[in-house]
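Structure, as structure tokens:
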Amino acid sequence: MAGLTLRQFKPPLLAAFDLCLEAGECISLSGPSGSGKSRLLRALADLDPNEGEALVDGRSRQAMSGPAWRRLVGLLPAESFWWAERVGEHFPDRETGLLEELGFDPDCLGWEVSRLSSGERQRLALARLLQNQPQVLLLDEPTANLDQANAERLEQLIDAWRREHDCAVIWVSHDPEQQRRIARRHLRIVDGTLEESTWN
């Protein structure tokens, strides 16, 4: 089953590359600060300029609108964007299952966004993104603002989600131990190119 296929894909700051990410596979991504990790994820979500071909399950990015592509390819940025005052306004179906798995009580839907800590915003933004059931998840250091317990909870949720929904995942992480936990394949940005390694 196909996941994400890239052919001569060229985002800002990087040389063109090919990549095949199977459905249900997670690959980790690292590189020095400013090397282009976030720009790569934004280009994959068609939010930054890019060249080349990108396909999800055989469907070409060029054949659909930006919003339609981003429903398939969901980006969790390092800092999430909130457009309404209360948390619940970002969860129109009021489904609380994902929220509870991430450590929230259902009453969090009544909270004001302004009262959220950076870690709470990160976990809620993930729940919001998963509501769309994307086929590809682009995660920009999703546990960076979390304590150990919540980081483990998020890792477990993404792992279960990936397996259940055959979702392909690209996960930016600077932690070698986390990289080994979440992925067998690892991409690293080195001098404007992607280098791949595999752990046994």
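The values are calculated or read from the model by the stated rules, or taken from the named source; none is laboratory data. For clarity, every value in this text was computed on a predicted model and none was experimentally measured. Cβ: placed from backbone, ideal geometry, glycine included. Neighbour counts: every protein chain shown. The area values use the complete protein model at the heavy-atom level, side chains included, leaving out ligands, DNA and RNA. Shrake-Rupley method; radii C 1.70, N 1.55, O 1.52, S 1.80 Å.
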- Query: What list of ³J(HN,Hα) values in whole Hz, one per residue of segment 7-17 in order, does the Karplus curve 6.51 cos²θ - 1.76 cosθ + 1.60 (θ = phi - 60°) give from phi, with Gly and Pro shown as x?
  - Reply: 10, 6, 7, 10, x, x, 6, 10, 6, 4, 8
- Message: Quick query: amide H of residue 26 versus all other amide H atoms, modeled in the peptide plane; which residues come in under 5 Å with a sequence gap of 5 or more or a different chain?
- Response: 169, 184
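Report the extension gain between residue 53 and residue 8 in nm, rounded to one decimal, defined as 0.36 nm multiplied by the number of residues separating them, less their alpha carbon distance. Present the calculation step by step, with values, prior to reporting the outcome.
Working: separation 45, 0.36 × 45 = 16.20 nm, distance 0.66 nm.
Taking 0.36 nm per residue and subtracting the Cα distance, the gain is 15.5 nm.
Using +1 on the beta carbon of Lys and Arg, -1 on that of Asp and Glu, and nothing else charged, what's the dipole of the chain about the Cα centre, debye to 20? Don't jump to the answer; show the numbers that get you there.
On the way: 23 positive and 32 negative charges, 97 e Å.
With only Lys, Arg, Asp and Glu charged at Cβ, the dipole is about 460 debye.
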- Listed by chain and number, the residues whose amide H is under 5 Å from that of residue 174, excluding neighbours fewer than 5 places away on the same chain and using placed H, are none
- Task: Whole number in Å², please: accessible area per residue of the chain, 1.4 Å probe, ligands, DNA and RNA not counted.
- Result: 49
- When the Karplus curve 6.51 cos²θ - 1.76 cosθ + 1.60 is applied with θ = phi - 60°, which whole-Hz ³J(HN,Hα) does each residue of segment 122-139 get, with x for Gly and Pro? 5, 5, 5, 5, 5, 4, 4, 5, 5, 4, 7, 6, x, 8, 10, 10, 10, 10
- Set the Förster distance to 41 Å, then compute FRET efficiency between residue 93 and residue 195 from the Cβ-Cβ distance, nearest 0.05. 0.50
- Task: Note the angle between two axes, namely the Cα long axis of helix 148-165 and the longest principal axis of the Cα atoms of the chain, as a number of degrees from 0 to 90, rounded to the nearest 10.
- Result: 60
- Message: Give me the extension gain from residue 64 to residue 22: residue separation times 0.36 nm, minus the current Cα-Cα distance, reported in nm with one decimal.
- Response: 13.0 nm
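Take the alpha carbon gyration tensor of segment 49-131, find the square roots of its eigenvalues, order them as a ≥ b ≥ c, and report rounded if a/c is under 1.5; if not, report prolate when a/b exceeds b/c, else oblate.
Details: a/c = 2.61, a/b = 2.17, b/c = 1.20.
It is prolate, given that a/c is not under 1.5 and a/b is the larger ratio.
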- Query: Hey, in the GNM for the chain with a 10 angstrom Cα cutoff, which one of 85, 25, 120 fluctuates hardest?
  - Reply: 85
- Specify the inter-centroid distance of segment 117-168 and segment 1-74, based on alpha-carbon positions, in whole Å. 18
- Query: Amide H to amide H under 5 Å from residue 52: which residues, 5+ apart in sequence or cross-chain, H placed 1.01 Å off N in plane?
  - Reply: 10
- Note on the structure: Karplus-derived 3J(HN,Hα) from phi for segment 76-84 (6.51 cos²θ - 1.76 cosθ + 1.60, θ = phi - 60°), whole Hz, x at Gly and Pro, runs 9, x, 4, 10, 7, 9, 10, 10, 10
